[in-house]
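A short write-up of the structure that comes next.
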Amino acid sequence: MKFKIKVRNCYTSWEEEYVENISEKDIDIFASDLIANFNRTLRPGEEPREYLGYTVLDNAIKHEWEKVNPYTLFDRNKRQYDKFKCKNCGVTGKRYTLGGEIVLDREYGAKKYRYCNWKISKE
């Protein structure tokens, strides 16, 4: 789900955007825990923050990636990569660096594939 939370300290207020695999009823818990953790770990000069509320931007959910190849593959340019598939919707992609971003395969280049949509399952 894509949402933004409103936060303030003693000087100003602002909004922060998040995309997390949580339901709307859990956003308050997520945001409260996030701000509480920040306040517990304040560095010198940092002001404590206060959570004010949230706004849902859309019901976008991150893909839940699963590696599908047992060993590292090479493309025609000799670059190493791993293949991934979303457990929920079947969208596929490749990751070229360890811990890097997964690049969607060409057939999933449209904006509608950026987030998980269980309705487009290919299975």
Which numbered condition VAL103 misses (of (1) exposed (fewer than 13 other Cβ atoms within 10 Å of the Cβ); (2) modelled with pLDDT of 90 or more; (3) assigned to a strand (DSSP E or B); (4) of a type in the set (Val, Ile, Thr)): (1)
In the range 49-87, residue farthest from PHE38 (Cα to Cα) [restricted to those that are part of a strand (DSSP E or B) and of a type in the set (Asp, Glu)]: ASP82
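Restricting the range 42-70 to residues that are small (Gly, Ala, Ser) and over 30 Å from LYS94 (Cβ atoms), which is modelled with the lowest pLDDT?
GLY45
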Yes/no for PHE3 being among the aromatic types (Phe, Trp, Tyr), surrounded by 13 or more Cβ atoms within 10 Å (Cβ to Cβ) and either at pLDDT 95 or above or in a loop (DSSP other than H, G, I, E, B) (or both): no
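Return the only residue of ASN69, ASN9 being under 23 Å from GLY99 (Cβ atoms) and either of a type in the set (S, T, N, Q) or in contact with a Phe, Trp or Tyr (Cβ under 6 Å, 6 or more places away or on another chain) (or both).
Working: ASN9 fails: under 23 Å from GLY99 (Cβ atoms).
Matching residue, one of ASN69, ASN9: ASN69.
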Filter pass, TRP14 being surrounded by 11 or more Cβ atoms within 10 Å (Cβ to Cβ) and more than 24 Å from GLY100 (Cβ to Cβ): yes
Members of the range 10-41 found to be part of a loop (DSSP other than H, G, I, E, B) and either at pLDDT 95 or above or touching a helix residue (DSSP H, G or I) at 6+ places or on another chain (Cβ under 7 Å) (or both), listed by number: THR12, GLU20, ILE22, THR41
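The values are calculated or read from the model by the stated rules, or taken from the named source; none is laboratory data. Just so it is clear, the model here is predicted, and its values are computed rather than measured. All Cβ positions, even for glycine, are placed from backbone atoms using ideal geometry, and neighbour counts span all protein chains on display.
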